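The values are calculated or read from the model by the stated rules, or taken from the named source; none is laboratory data. Bear in mind the structure is a predicted one, so any value in this text is a computation, not a measurement. Methodologically, a virtual Cβ is constructed for each residue, glycine included, from the backbone with ideal geometry; neighbour enumeration extends over all protein chains shown.
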Amino acid sequence: MQDKFTFEYAIIRVVPKVEREEFFNVGVILFSKRKKFLGIKYKVNSTKLKAFSSEIELDLLNKYLNAWKLICEGKPSGGKIGELELSDRFRWLAACRSTIIQSSKTHPGLCIDPNKELEDIFNKFVL
């Protein structure tokens, strides 16, 4: 157990019509303070997107999700939020919001490799 580290994750959801509260999962954000890790993995299924709404453009949605990725990576192009420390960036991304891109409540866990855990959670809840 000593070789395992705590982590938190949230599922990224697309909510095409916020007033209907219908959503589908498109990604995962994972944060581990002790491993100094903040990662994101996403993929938008265009067939699901069209089934939920024909009004949202796939390219635009991917641009918004890429902005989340830049924030996770702490790149200058991530803006002021991207300059914050890892935990603050995770909290900002996982915060409750009422837009077409939302995240679930955060969930805790233990892992050895946060990158592998991110991949496993993505495969389980998104693909």
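Tabulated results
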{"item": "Pairs where the first residue, in segment 81-98, is closer than 19 Å to F7 by Cβ and the second is part of a loop (DSSP other than H, G, I, E, B), C-beta under 8 Å, 6+ apart", "result": "L86/K33; L86/K36; L86/G74; S87/K33; R89/G74; W92/L84; A94/T106"}
{"item": "Options K43, K36, K50: the member that is charged (D, E, K, R) and closer than 16 Å to K63 by Cβ", "result": "K43"}
{"item": "Selected residue [of a type in the set (V, I, T) and farther than 20 Å from I121 by Cα] from V18, V44, V26", "result": "V18"}
{"item": "Lone unmet requirement of (1) over 17 Å from S103 (Cα atoms); (2) β-branched (V, I, T); (3) under 18 Å from the mean Cα position of the chain (by Cα) for T47", "result": "(3)"}
{"item": "Candidate set from segment 27-66 (those that are among the β-branched types (V, I, T) and closer than 23 Å to L84 by Cβ); member that is surrounded by the fewest Cβ atoms within 10 Å (Cβ to Cβ)", "result": "I40"}
{"item": "Single unsatisfied condition, E19 versus (1) out of contact with any Lys or Arg (no Cβ under 9 Å at 6 or more places or on another chain); (2) touching a residue at least 12 places away in the same chain (Cβ under 8 Å)", "result": "(2)"}
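Rundown of residues vs (1) among the aromatic types (F, W, Y); (2) touching a strand residue (DSSP E or B) at 6+ places or on another chain (Cβ under 9 Å); (3) surrounded by 14 or more Cβ atoms within 10 Å (Cβ to Cβ); (4) modelled with pLDDT under 95, yes/no style:
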position	(1), (2), (3), (4)
F90	yes, yes, yes, no
R97	no, yes, no, yes
I100	no, yes, yes, yes
P108	no, yes, no, no
C111	no, yes, yes, no
P114	no, yes, yes, no
I121	no, yes, yes, no
